[in-house]
């Protein structure tokens, strides 16, 4: 399957909007998406698989009498199917109910300029190149320690592009690249199996370090051996970026979405300008972050992405908006309409949720603690109460800190509490910022977290 | 269609030297609705076509997915898949082999009483609006509700170079209801899912009013709930929690790919891991259940698979690759979400077999413990550490149900916890859900009420 070119994608988007207008819609938007992904997979200690996935399609939003219909197809070769898809968007809108709060699709604004989001070297990678990356990762991990077993891993390269057009004159195209390598390992010794330990790199430019990933994934697994139970008590906890991402994704990030606030699902309703977190905490939603995983010129409905202050020195500053939520309050979108390819309508979501770093190194953070817990991953974060922010999760793998040193791995420790209490109790941020999913953050030290053990 | 697929498989084998080649093609139609309170955010429809080529060359897997059924593109995809496999095979230590499967030729059609593709979108909008109105009308403290609806219909085609050709109808209906309630700064959250492979008739029994009321009632009840204590307590699990526990704490570890990756079950086949009263099945043949189908995505017939019998591990869930490794018979557990994904080992309908206790008998000996009635999410790790989040729970005090508890979760190690099961109820419920393992599979899980001597409860009180 030959990749669609920029002109073809933009042409298709514009043609579809025109067709929808001729069929009698009030407003229309077409979103064309194309993703080309090549992966090489490690399974149970060996490279055993490679895959290439080409996915592309067209999603249409049609508005008739303030009611929205949506339809999509991936059969782009056929003019008849595209017309049928337009008609389905139209019939869906007619079957739907008018929305009194509907204002309009977004209007045209200059797109933002972004850096470090595309690298032609990634587009040109083939599976042989990826086999090399995966091999390096695998070899390094296996050399690090005999007790480890690499269970699962991947080296992958993706090229994504998207075009959007709407009946208010928006038209745009953007493209991006991603390269990723990851390795999950366990360590086995004397009848003990560790929890899965995981490391990865993801970058927009061809700049990953498979040696580091392999070595770290192995080091973590080995140090997770000889785990001991902990006692139930309130404790200082250092959350690594993985654990923080899992916790925030299901709680805080929802709390700052304008639609959650408008729908009474956010405890931050009415708290703009008020203190909601420790004064050392500053968070931006930065859709323009250099080389950010979620950095694009425009969002899922063609609105320029931007940098929005969320929390500054503990004070709540803004919520994040798509066009619909913004217009409902007479505001402008913050460029936070997120979209899962062509398959569905946009939703409010964070771009790069950037927690500002502190000054001390992660080692210094640990060495300052007489007693505490270092938490790499959480199990069950998705079972948090997204409305109240309450969570009850397992910290695994996690390590006990004693007298300023990582002393031993813990087994089955649970953490229970409320994310908003956690935000208030943040006492220090390290200087080791990294990107994990939509989070960009350092390690975070939190005081007085309830650890439930035996 | 058959000719195109046949040619594609031929090209892979004859031109590019594949030892094994299969092609899966799909034609799918979807209807989706999202309602936020009374607002129909969007009525959505989708049409998609696509194919997935999977080949073994020099003992390595190659996979290519394309969103088209065009013959020429499929031949190119066959070439791509074989090239991929060759590239991957360079570093192979143990070439992959697959267990023998009986060739099958079959055409399976779905026979819904109410075919969702023949029901108008207006009717579907009405069904979801009844849910919304039921929830919002239940109590003024309910502040929001979100309803998602999905139906998927279509046909999948499977062909391999071993003379298997299957055309299989697809039909899924799914809906999720979320409600939040607020009172005096307390936020509660409640979730329900329904899912079926039978037809739109699911709404005749799980009517929008019944399901709406169930989700609303829980959100309101939770307003008065208090946080649970943290620590080890006796517990009675409801069928809904038992299901997730079986699925997460045991099921994933018994997926043979994860077992081979080193799950705690690796050396436990034939050994006792649970108390005598524990028997587990994974069954793909329950009519209309959300995890049921006739053939899996390797063209292998589904079956009822016994996993644990009276506490002893007697089976695992397999695809053709792991069945070969274990030199055992196929179970039909290879599933792919759609043509964008390769088939991997997934559960179907997973449950614990009922025994003899009434609910009252399960409670009567407990002085203080928890009744964990309904779950919100769960997760397991290969070392057997499991976590199940709980959205509805109660204290048990002197053998009676007491005050409601909110936002608890239970955790422990599978092998230790299964030995602590000390009574199994005689009731039975199966609940639909969606399971994520890099791709989504529709499943059911369940069982009767079950009592555990002690389990770690993560509470903040």
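Points to keep in mind about this one:
- Residue B:416/residue A:371 FRET efficiency (R0 30 Å; Cβ-Cβ; nearest 0.05): 0.65
- Gain on full stretching of the segment that runs from residue B:207 to residue B:92 - 0.36 nm per residue minus C-alpha separation: 36.0 nm
- FRET efficiency, 1/(1 + (r/R0)^6) with R0 30 Å, evaluated for residue A:143 and residue B:327 via beta carbons: 0.40
- Ranked for footprinting exposure by Cβ neighbours inside 10 Å, fewest first, B:98, B:410 give B:98, B:410.
- Residue exposure sequence - B:296, B:139 - by fewest surrounding Cβ within 10 Å: B:139, B:296
- Stretchable slack from residue A:15 to residue A:206, in nm (0.36 nm times residue separation minus alpha-carbon distance): 65.3 nm
- Placing dummy labels 7 Å off each Cα toward the beta-carbon, the span from residue B:269 to residue A:271 is 5.3 nm.
- Cα gyration tensor, chain B - rounded (a/c under 1.5), prolate or oblate: oblate
- In this simple spin-label model, placing a label point 7 Å from the Cα along the Cα-to-Cβ direction at both residue A:331 and residue B:356 gives a separation of 6.4 nm.
- Gyration tensor (alpha-carbon) shape descriptor, the stretch B:190-299, a/c threshold 1.5: oblate
- Pairwise FRET efficiency - residue A:229 versus residue A:3, Cβ, R0 = 45 Å, nearest 0.05: 0.25
- Ordered by the count of other Cβ atoms within 10 Å of each Cβ, fewest first, A:212, A:102 give A:212, A:102.
- Estimated inter-spin distance, residue A:101 and residue A:405, nm [label 7 Å along Cα→Cβ]: 5.7
- Bridge type composition, the stretch B:77-209 - antiparallel percent by DSSP, nearest 5: 90
- Zone of residue B:148's modelled label, taken as backbone nitrogen in the stretch B:281-308 under 19 Å from a point 7 Å along Cα→Cβ: B:290-291
- The alpha carbon gyration tensor of the protein assembly as shown gives principal lengths a ≥ b ≥ c with a/c below 1.5, which makes the shape rounded.
- Square roots of 5 times each gyration tensor eigenvalue, C-alpha, the stretch A:233-452, largest first, Å: 31, 17, 16
Computed from the coordinates by the stated procedures, all read-outs in this text should not be read as laboratory data. Predicted model only: the values in this text are computed from it and were never measured. Every residue, glycine as well, gets a Cβ built from its backbone with ideal geometry; the counts of neighbours run over all protein chains shown.
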